[in-house]
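Nothing in this text is a laboratory measurement; each read-out follows from the coordinates by a stated rule. Predicted model, so just to flag it, every value in this text is computed and none were measured. Here the Cβ is made from the backbone with ideal geometry for all residues, glycine too, and neighbour counts use every protein chain on show.
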């Protein structure tokens with residue numbers, strides 16, 4: 001098995017999972033890097049996963065269809081009608097010899113999905129729900145929904161490789177340090193990401209184990225983050241209210 005992060009646009013990644021001569025592609029907003037990788041490696045496009053309907057995740061679908069020898073799986077969403085084969089929370093899909101579990105994670109959009117691949121190590125394709133040191137904006141869903149979605153993802157194995165759809169890590173870490181300034185794991189990881197990005201390399205994938213140390217949106221029960229959230233208008237110290245205040249603060253953070 002091989003995992004590739006194909007850069008697209010300013011900060012997107014189109015993820016490609018290779019098993020033998022078959023490639024599974026996730027959120028191809030741009031077909032060009034996918035077609036280039038398929039041609040260079042002599043691969044067959046065996047399937048596509050779509051996490052949600054935003055254009056930077058789906059606009060490459062039409063150009064990829066002539067090359068596709070498998071399904072396009074995605075959420076049941078009126079914006080995607082006729083473009084994807086709808087799948088739902090709890091469904092199990094099959095790519096090559098790898099089972100793929102569908103996880104409903106509303107918040108960024110109301111029908112957002114994540115896909116957990118039972119590989120070694122396990123993989124999570126989470127679209128714009130979970131980022132390294134961050135999470136997606138709430139365009140269609142609520143803070144309650146997003147908080148619950150993130151908690152669901154935390155039930156996956158700690159060693160899961162988290163394949164986020166955007167290279168937002170540096171900006172997210174700077175916010176996380178503002179909210180949790182004494183977190184030494186954050187400070188260490190920021191230095192690593194700064195060096196890695198300076199070398200032109202991706203900061204992803206991350207792991208759930210690391211995110212449990214550095215991601216403020218997964219640690220809404222921690223005293224430092226509760227205090228920061230309360231100072232920024234949290235309705236209470238309940239984790240969901242802490243999450244809502246942190247997400248609202250992040251929206252305007254510069």
Packing-based exposure ordering (other Cβ within 10 Å, fewest first) of 221, 91, 241, 252: 252, 221, 91, 241
Taking R0 as 41 Å, what's the FRET efficiency between residue 151 and residue 62 from their Cβ-Cβ distance, rounded to 0.05? 0.70
Net length gained if the chain between residue 252 and residue 137 were fully extended (0.36 nm per residue, minus Cα distance): 40.3 nm
Pick from 114, 165, 229: which is most flexible by mean-square fluctuation in a GNM of the chain where alpha carbon atoms under 10 Å apart are linked? 229
Note down the relative contact order for the chain as a percent, whole number, built from C-alpha pairs under 8 angstrom at least six residues apart. 13 percent
Of 74, 55, 200, which is the most mobile in a GNM of the chain whose springs link Cα atoms less than 10 angstrom apart? 200
At residue 10 and residue 212, where each label point lies 7 Å from the Cα along Cα→Cβ, what is the point-to-point distance in nanometres? 3.5 nm
Report, in deg cm²/dmol and to the nearest 500, the calculated mean residue ellipticity at 222 nm for the chain, where each DSSP H run with n ≥ 4 adds -39500 (n - 2.57) and the sum is divided by the residue count. -9500 deg cm²/dmol
Along each principal axis of its Cα atoms, how long is the chain end to end? Whole angstroms, biggest number first, please. 54, 40, 30
Applying 1/(1 + (r/R0)^6) with R0 = 22 Å to the Cβ-Cβ distance of residue 92 and residue 21, what FRET efficiency is obtained, to the nearest 0.05? 0.40
Length gained if residue 40 through residue 120 is fully extended, taking 0.36 nm per residue and subtracting the Cα-Cα distance, is 26.3 nm
In whole Å, how far is the Cα centre of the range 1-25 from that of the range 30-67? 9 Å
If you rank 54, 189, 108 by fewest surrounding Cβ atoms within 10 Å, what's the result? 54, 189, 108
Contact order relative to length of the range 126-254, as percent, for alpha carbon pairs under 8 angstrom and 6 or more apart: 29 percent
Order these by the 10 Å Cβ neighbour count, fewest first: 184, 21, 160, 129. 184, 21, 160, 129
Report the extension gain between residue 158 and residue 238 in nm, rounded to one decimal, defined as 0.36 nm multiplied by the number of residues separating them, less their alpha carbon distance. 26.4 nm
Name the residue, out of 127, 104, 233, whose mean-square fluctuation peaks in a Gaussian network model built on the chain with Cα pairs under 10 Å. 233
Looking only at the range 2-251, where both bridge partners belong to it, what percent of the DSSP beta bridges are antiparallel (to the nearest 5)? 65 percent
Label-point separation in nm, residue 230 to residue 195, each point 7 Å along Cα→Cβ: 3.8 nm
